[in-house]
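Asks: I am attaching a structure below and will ask some questions about it afterwards.
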Amino acid sequence: MAIKAPFQLLMLLGIVFLADQENPFLFKSNRVQTLFENENGHIRLLQRFDKRSKIFDNLQNYRLLEYNSKPHTLFLPQQNDADFILAVLSGKAILTVLKPNDRNSFNLQRGDIIKLPAGTIAYLANRDDKEDLRVLDLAIPVNRQGQIQSFLLFGSENQQSFLSGFSKNILQAAFNADYEEIERVLIEEHQKELQHRRDLRDRRRQQSQESNVIVKVSREQIEELSKNAKSSSKKSVSSESEPFNLGNREPIYSNKFGNFFEITPEKNPQLKDLDILVNAVEIKEGSLLLPHYNSRATVIVIAVEGKGEFELVGHRNENQQEQREEDEEEEEEGQEKSRQVQRYRARLSPGDVFVIPAGHPVAVSASSNLYLVGFGINAENNQRNFLAGEEDNVISQIHRPVKELAFPGSAQQVDRLLKNQKQSYFANAQPQQREEESQRKRGHISSILGGF
Amino acid sequence: MAIKAPFQLLMLLGIVFLADQENPFLFKSNRVQTLFENENGHIRLLQRFDKRSKIFDNLQNYRLLEYNSKPHTLFLPQQNDADFILAVLSGKAILTVLKPNDRNSFNLQRGDIIKLPAGTIAYLANRDDKEDLRVLDLAIPVNRQGQIQSFLLFGSENQQSFLSGFSKNILQAAFNADYEEIERVLIEEHQKELQHRRDLRDRRRQQSQESNVIVKVSREQIEELSKNAKSSSKKSVSSESEPFNLGNREPIYSNKFGNFFEITPEKNPQLKDLDILVNAVEIKEGSLLLPHYNSRATVIVIAVEGKGEFELVGHRNENQQEQREEDEEEEEEGQEKSRQVQRYRARLSPGDVFVIPAGHPVAVSASSNLYLVGFGINAENNQRNFLAGEEDNVISQIHRPVKELAFPGSAQQVDRLLKNQKQSYFANAQPQQREEESQRKRGHISSILGGF
Amino acid sequence: MAIKAPFQLLMLLGIVFLADQENPFLFKSNRVQTLFENENGHIRLLQRFDKRSKIFDNLQNYRLLEYNSKPHTLFLPQQNDADFILAVLSGKAILTVLKPNDRNSFNLQRGDIIKLPAGTIAYLANRDDKEDLRVLDLAIPVNRQGQIQSFLLFGSENQQSFLSGFSKNILQAAFNADYEEIERVLIEEHQKELQHRRDLRDRRRQQSQESNVIVKVSREQIEELSKNAKSSSKKSVSSESEPFNLGNREPIYSNKFGNFFEITPEKNPQLKDLDILVNAVEIKEGSLLLPHYNSRATVIVIAVEGKGEFELVGHRNENQQEQREEDEEEEEEGQEKSRQVQRYRARLSPGDVFVIPAGHPVAVSASSNLYLVGFGINAENNQRNFLAGEEDNVISQIHRPVKELAFPGSAQQVDRLLKNQKQSYFANAQPQQREEESQRKRGHISSILGGF
């Protein structure tokens, strides 16, 4: 790595400049692939974590999808060979989940979470008159590692119904009908048919949009879908198959600077099965989520609204991308010998994704009200340890003589310093004791958060 | 892939010709390796699934074995570093399973299933006077992924007892006896010993066949093995360690065209432990197992008796064999963007194996009474969704307005079409409404099933 | 493999010479990497099992560490991204485990076992006045396969506190204090600061050793750490989070030649969670742990004290190191066809490690009192089958007619031979019936154990 020498020099000078693309924990919007897009909405898929960096070995079989649709639209029926955890970021939806001899519809709103098991045929309507629907999906494929296959029940121009994969004979026997009827009623016509047919279809498509994955639906149709639709429980998050809301439970951390909501596998059987936690964090403008780390969960975080910045502390060598095969042995040795820490930081805008591996300390500050949603894998028995603040501060628990031995200051100095921060979990990103000064110099917050 | 261009042309013409070797879901008998064979029987091992196609990532640690022996023979004691699920296809056996201070013998017959845990010393006798014994084993190795090691308790010409691996000193101390006695009584003599010894042994071998893995046994010896042998319960399939029979429970699907028996992990602790389901399907001559898919299980199916054909619907790019390392990224992208479906079909003869990945629709027709046995991995909470027929037809569950939007026909037309098939699960492969016509044209069934 | 031909010749001659480095089951001390060392102690890490040999596929995510420290020293606080099972080999320790709002201290002594979950901040003191502390750690990483990252709470010359990874602004806001104070009290000073500071620190370091991972502690400090420290229960091994002792339970095998202590996942929830067993074996001088194999566990064994020899029986081709990628297919085929057994043996000295894969028979003899500690992975439902001795001898369980068919001797001869060994589990490595003779020839034991 020719880059190493000047980089180390910069380290010595206490300066770290990492371009976003060199920060392996950050996934900007250019790391996203559009699977489908039309005037009614889109579906996007984040790059494979393990293709980005070998750090994410344990995320090989996790993918992140974002679904976005306009008011009064429907995402047509399909099934995928992956388990999904859906989290509604904004808007109002009706999700219908089919079973062989039954169906369930659910009203979903911001903060609702539901598991959609692999192979389930489902469709999703945006039932709102005005607001776009945004849904985040964590997908865990069941066939191939990290790869999702979709099977559509309907045909379109570029995509075929999976029914069309069967031969005429099988379809005739299966439906006990003539192939022409089956084709006419269930299967989109062949691409290479006569032109006048194509023209006919084109006209019809104006009305029914049957050739698209996301189509418009009328108010009446929405109403029919809404019948018997259940909403997430107001009281409980322990439902086996119904949606539950992140806001149903009290925040696990809360003060005037922010709120932290979390549902762990221990609380919900849908999450337990996949060993996933889901959380939502609100950080008020000018506030800081205090430095902390997760003991065993790796958390994939999406910036939903607002702006801010994260700092993640890792080791020097983690910034090695796309070098999976070479020098494994050498790299391993280096990794184990070097304990040089490195700061990975980046500004956050809506749509950005960052990953916090287990054991890695992180802090997040908000330059405008920031709303984050996170999926944690390997979540069972995860414990969050704070490194500053009044409560849950693991440093406070160290025996006095060990403080003396471990830190340059005396135990007394350490204790005095630790008590300076009266807040827990969230605090002012611009500390009170220096508030006067900073109130004088306006724009200080922006210099804290944006100034590198 | 130079093959692509003409292939796509054929697709456009609506014609797909796939040689069997290009159908990655099919394993014909040339994909089998003989591990052992003599006049008394043989043991065969199917090619590794993941070596055939990268589709089968999740089958890396599953192997399929077939064991076949003549009447009144014994498969001598050995242990393997793999868990086995045994399924008796035909014949009558006595399986003896040894424990450190106990042993259990079981009478086995067609449809019996039993788990043989890794490292267990066992031996298997064909106790029938006339019929060959055929046993299918799904093996799940505990040491190396996808590789099975056998340890024989006895020595033979090409194979050594694992006792012979210890040094003379250790054996003398272990058995508290002279090495000569140990060698004479427990261990097969050295290959390079003097010729007259070899001659002696050759004569002795005529009587005892000690040099083979599968040896003849007398009626009296069979009788001794049968003592205290238990049979599979007539009532229950929930035994912890004893065999259970696929036919003990009512078929889960049944009509005059076929029967479908299945035992899922939820029903039996031996299967639960390994997350395996086992099923057996009888399709009557001229009948069709209706199109359906498994929501999360991948099922390995063996054609035991009869002839027929399967059609499996997948994506275009799944037909990529032996390209594991190259163009991962590119392939992934292609896979995710393309939703072109492709039909994979093949005729089935006894001994053929095919694999149905989760989410992939499949239909099977029988040109003569067809008997299939299947092992499903990732089986817990698997759900079978039918795409045609009266019951468990997931398409029927779609809301009317969504039918309207998803299919080219109107909701009314879709419903009418779906109701045409009065049967469920199994149906006539040659539909009744066209029966007259087809009865006129004799041989129509064979043209349905064999005509491509 | 050019080596093959002469090697096979040696096999035919009944002679096997394997250099230690060609014995893939053995890890001598040169296979160890020193992670840290000073005058107070050291931490060492064994080579990755899977880098040594492809046999150890299933050990990819297991690492073995050894920690060694002088009396009255402290291993300073850190956390690791791996679960640890600690086994105390010798000495007396106080382990302190921190939680966000609590801490627990434990007195540990020889034979104590405790699980330290990933991400837990902990520190370990040697509380003894004279004896060195030796602790063995089995580590199971949670982020990257087979790789452990340590995060130190304190800074030193070559290593940085993970607090120092955050920016000044974040630290100021987090601790609500000036950066200068934070740096002075919690963070080791910069390497490139002015020389006179460095000199000051160097002087201070003489007193406090704050720059090292393992530092001296005074008797008074030890005393403060000991307050409220709990010891392992005398009665139970089923503690959820407290240490338990291998000697708390009766040995599972015991006679005058040796003792075998074992705690399986079924007995302890800390082990159950990770599917690990822990055992300790004492083999008296001149005694033999009889040939046996584990049905499903792979056991990593460390020679703690004494000298001896192990013999492990495997297949010929297992002696293939560092050929991971090439000839997979070919090798697989060979492996499955060949059942040629091979003896792998080596002398054992303190610090040596050997691995016993599932299903592989092993015997261990002691030339001086030998003390072994083992970690078994894949331990649930593991069963130990002995191949010689009175009890738990699986060969005794074979039906008479099968003995007749499987072994060269008659069933009567086999039974007579098996009854020769009156002992179980452990026996005299120099059998009694030949004792007179061997007492005449002095040095016979050493020729048994050391003579190859």
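The values are calculated or read from the model by the stated rules, or taken from the named source; none is laboratory data. None of the values given here were measured: they were computed from a predicted structure. Cβ sites come from the backbone with ideal geometry, for glycine too, and all protein chains shown count toward neighbours.
Asks: Can you pull out the residues in the stretch B:360-402 that are within 20 Å of B:ILE252 (Cα to Cα), among the small types (Gly, Ala, Ser) and out of contact with any helix residue (DSSP H, G or I) (no Cβ under 9 Å at 6 or more places or on another chain)?
Replies: B:GLY374, B:GLY376
Asks: Is it true that C:VAL402 is within 27 Å of B:ARG144 (Cα to Cα), of a type in the set (Val, Ile, Thr) and buried (at least 23 other Cβ atoms within 10 Å of the Cβ)?
Replies: No, not satisfied.
Asks: Please find, among C:LEU153, C:LEU116, the residue that is facing another protein chain (nearest Cβ under 9 Å) and either within 23 Å of A:PRO361 (Cα to Cα) or modelled with pLDDT under 95 (or both).
Replies: When all the criteria are applied, what remains is C:LEU153.
Asks: Among (1) surrounded by 19 or more Cβ atoms within 10 Å (Cβ to Cβ); (2) in contact with a Leu (Cβ under 9 Å, 6 or more places away or on another chain); (3) not assigned by the TED database to the domain that holds B:GLN79, which single condition is B:GLU285 missing?
Replies: The single condition B:GLU285 does not satisfy is (1).
Asks: Inspect the stretch B:198-220 for any residue being at pLDDT below 95, farther than 23 Å from B:PRO71 by Cα, out of contact with any Lys or Arg (no Cβ under 9 Å at 6 or more places or on another chain) and within 9 Å of another protein chain (Cβ to nearest Cβ) and give the result as yes or no.
Replies: Scanning the stretch B:198-220 turns up at least one residue that is at pLDDT below 95, farther than 23 Å from B:PRO71 by Cα, out of contact with any Lys or Arg (no Cβ under 9 Å at 6 or more places or on another chain) and within 9 Å of another protein chain (Cβ to nearest Cβ).
Asks: Looking at A:SER53, A:SER29 in this structure, which one is surrounded by 12 or more Cβ atoms within 10 Å (Cβ to Cβ), among the small types (Gly, Ala, Ser) and either out of contact with any Gly (no Cβ under 8 Å at 6 or more places or on another chain) or modelled with pLDDT of 90 or more (or both)?
Replies: Result: A:SER53 is the single residue among A:SER53, A:SER29 that is surrounded by 12 or more Cβ atoms within 10 Å (Cβ to Cβ), among the small types (Gly, Ala, Ser) and either out of contact with any Gly (no Cβ under 8 Å at 6 or more places or on another chain) or modelled with pLDDT of 90 or more (or both).
Asks: Continuing with this model, one more query. Would you mind telling me which numbered condition in (1) over 14 Å from the mean Cα position of the chain (by Cα); (2) basic (Lys, Arg); (3) within 13 Å of chain C (Cβ to nearest Cβ) B:LYS70 fails?
Replies: All conditions are met except number (3).
Asks: Which residues, taken from the stretch B:262-281, are buried (at least 22 other Cβ atoms within 10 Å of the Cβ) and under 19 Å from B:PHE354 (Cα atoms)?
Replies: Result: B:ILE276, B:LEU277, B:VAL278, B:ASN279, B:ALA280, B:VAL281.
Asks: Can I ask one more? Please verify whether A:GLN60 is polar (S, T, N, Q) and modelled with pLDDT under 95, treating the condition exactly as stated.
Replies: no
Asks: For residues that are within 21 Å of the chain's Cα centre (by Cα) and among the β-branched types (Val, Ile, Thr), scanning just the stretch C:221-262, find the one that is nearest to A:LEU405 (Cα to Cα).
Replies: C:VAL237
Asks: Next question, about the same structure. So is A:SER90 small (Gly, Ala, Ser) and over 19 Å from the mean Cα position of the chain (by Cα) or not?
Replies: So A:SER90 does not fit the description; no.
Asks: Mind checking whether some residue in the stretch C:222-229 is farther than 26 Å from C:ILE43 by Cβ and surrounded by fewer than 19 Cβ atoms within 10 Å (Cβ to Cβ)?
Replies: So far as the stretch C:222-229 goes, yes, one or more of its residues are farther than 26 Å from C:ILE43 by Cβ and surrounded by fewer than 19 Cβ atoms within 10 Å (Cβ to Cβ).
Asks: Please work out which residue is surrounded by the most Cβ atoms within 10 Å (Cβ to Cβ), limiting yourself to the stretch C:79-112 and to residues that are among the acidic types (Asp, Glu) and touching a helix residue (DSSP H, G or I) at 6+ places or on another chain (Cβ under 9 Å).
Replies: Among those that are among the acidic types (Asp, Glu) and touching a helix residue (DSSP H, G or I) at 6+ places or on another chain (Cβ under 9 Å), it is C:ASP112.
Asks: Related question: Looking at the stretch B:90-146 only, could you name the residues that are of a type in the set (D, E, K, R) and part of a strand (DSSP E or B)?
Replies: Listed by number, the residues that qualify are B:LYS92, B:LYS99, B:ASP102, B:ARG103, B:ASP112, B:LYS115, B:ARG134, B:ASP137.
Asks: Could you please find all residues in the stretch A:271-309 being part of a loop (DSSP other than H, G, I, E, B) and not hydrophobic (A, V, I, L, M, F, W, C)?
Replies: Once the filter is applied, which keeps residues that are part of a loop (DSSP other than H, G, I, E, B) and not hydrophobic (A, V, I, L, M, F, W, C), the stretch A:271-309 yields A:ASP275, A:LYS284, A:GLU285, A:GLY286, A:SER295, A:ARG296, A:GLY306, A:LYS307.
Asks: Go through (1) more than 9 Å from chain A (Cβ to nearest Cβ); (2) free of Cβ contacts under 8 Å to residues at least 12 places away in the same chain and name the single condition B:GLN397 misses.
Replies: (1)
Asks: Given the conditions (1) of a type outside the set (A, V, I, L, M, F, W, C); (2) surrounded by fewer than 24 Cβ atoms within 10 Å (Cβ to Cβ); (3) within 7 Å of another protein chain (Cβ to nearest Cβ); (4) free of Cβ contacts under 8 Å to residues at least 40 places away in the same chain, report the number of the one that B:GLY165 does not fulfil.
Replies: If we test B:GLY165 against (1) of a type outside the set (A, V, I, L, M, F, W, C); (2) surrounded by fewer than 24 Cβ atoms within 10 Å (Cβ to Cβ); (3) within 7 Å of another protein chain (Cβ to nearest Cβ); (4) free of Cβ contacts under 8 Å to residues at least 40 places away in the same chain, just (2) comes out false.
Asks: Quick one: what pairs do we get from the stretch B:124-148, first residue within 14 Å of chain C (Cβ to nearest Cβ), second of a type in the set (Lys, Arg) and not in a strand (DSSP E or B), C-beta under 9 Å, 6+ apart or different chains?
Replies: These pairs meet every condition: B:ASN126/B:LYS70; B:VAL142/C:ARG296; B:ARG144/C:LYS54; B:GLY146/B:ARG48; B:GLY146/B:LYS51; B:GLN147/B:ARG48.
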